[in-house]
Amino acid sequence: MYNVYLKSKNNSKRLIYIYLILFIPFIIYGFYKNGISLYQKDLISIFNLFNIPIFILFSCLITYIFKKIKNEEFISYRLILNIMIGMITFPKTNIIIYIILVTLLNILYTFKKCNIASLYMIIYILLSIILKNYSFLNIYEETTLHSYSLINILFGNGSGGICQTFLIYSILSFIVLICIYEYKKQIPITGFIFYYILIILYFIIFKVFNYELLLNNNLIFSFIFINTISIFTPYTKGGNYLYGFTLGLVCFILSFFDLNLGVYIISFILSLISPYYDKLILKLQR
């Protein structure tokens, strides 16, 4: 009657497995770009070469530890969130800070189910701003001037999280996901439509152009994966459309300040207030 998503452990588990499979090429490409490639250029040590495997393995380990402590399932949204943290963190992430933050956020998640992937990025970005080392570039990109073409950006040369810049694969993943019933496709579709209409109008009116705003890896990955997790999004389709509209609109507004930080702030806020969208939609339908 209310056009809702039926909540089911089997449906959720299926989507979690699909996410895990889709993450594999992101991680492999990130390991090449921010590990092997930099090591071949003598820009990082043999220890730093394995940063990404360490991040992902620790994400799995901390999930397993809390599985034992809380008697949870290992294949869960906690696992998805922890792996996403390892994918979206900075290319030059400090491993010690990473381990501390992920551990603390998992303790928080045990008592309050919240989008810890978005919260991690908010905290890490703010820490980086305070410490004056805020950058989504790896060490090679920081020391070399680049003028990337559209093809370069599509095939992973843009700035973004350590395993997040494979833009053409993000687009292909989205095409796959919108064919899956359990996926909250209304959110990214609506978010993309409103964000891109507004940003293109801005480009036309003010005669400016910026690839970083048009093809921002943090925004695109967040819309497709971080903002479609079932437990943090509305269960009514109307609520999902409203969520997507808010996401696209606010990201456009925050693009005038800091889109990379802004997309995670609004993603975290929306994950907390999404139940109110359902209440509003159900009230209107009655």
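Descriptive notes on the structure:
- Over the chain, dividing the summed -39,500 (n - 2.57) contributions of all DSSP H runs of at least 4 residues by the number of residues returns a 222 nm mean residue ellipticity of -21000 deg cm²/dmol.
- Look at [x] 22.4; [y] 21.5; [z] 19.5: the one that is Kirkwood radius over Cα pairs in Å derived from this structure is [z].
- For segment 38-107, alpha-carbon Rg relative to the globular expectation (2.2 N^0.38 Å, N residues): 1.21
- Probe 1.4 Å, protein heavy atoms only - accessible area per residue of segment 116-198 in square angstrom: 45 Å²
- Segment 179-227: trypsin sites (Lys or Arg not before Pro) in DSSP loop, at most 10 other beta carbons within 10 Å: 207
- Computed over segment 159-286: relative contact order in percent, which uses C-alpha pairs under 8 Å that are six or more apart: 31 percent
- Pairs beyond 23 Å (Cα-Cα), from 68/113; 92/113; 33/67: 92/113; 33/67
- The share of alpha-carbon pairs in segment 111-167 lying farther apart than 18 Å comes to 48%.
- Gyration tensor (Cα) of segment 28-75, equivalent ellipsoid semi-axes in angstrom: 31, 10, 4
- Area of residue 154 that stays accessible when all protein chains are in place (1.4 Å probe, Å², to 10): 30 Å²
- Cα pair distances exceeding 19 angstrom across segment 156-286, given as percent: 48 percent
- Fraction of accessible area attributable to carbon and sulfur, the chain (%, probe 1.4 Å): 71 percent
The values are calculated or read from the model by the stated rules, or taken from the named source; none is laboratory data. This is a predicted model, so every value here is computed, not measured. Positions of Cβ are generated from backbone atoms using ideal geometry, with glycine treated the same way; all protein chains shown enter the neighbour counts. When the accessible area is computed, the model is the full protein with side chains, heavy atoms only, and any ligands, DNA or RNA have been set aside. Shrake-Rupley method; radii C 1.70, N 1.55, O 1.52, S 1.80 Å.
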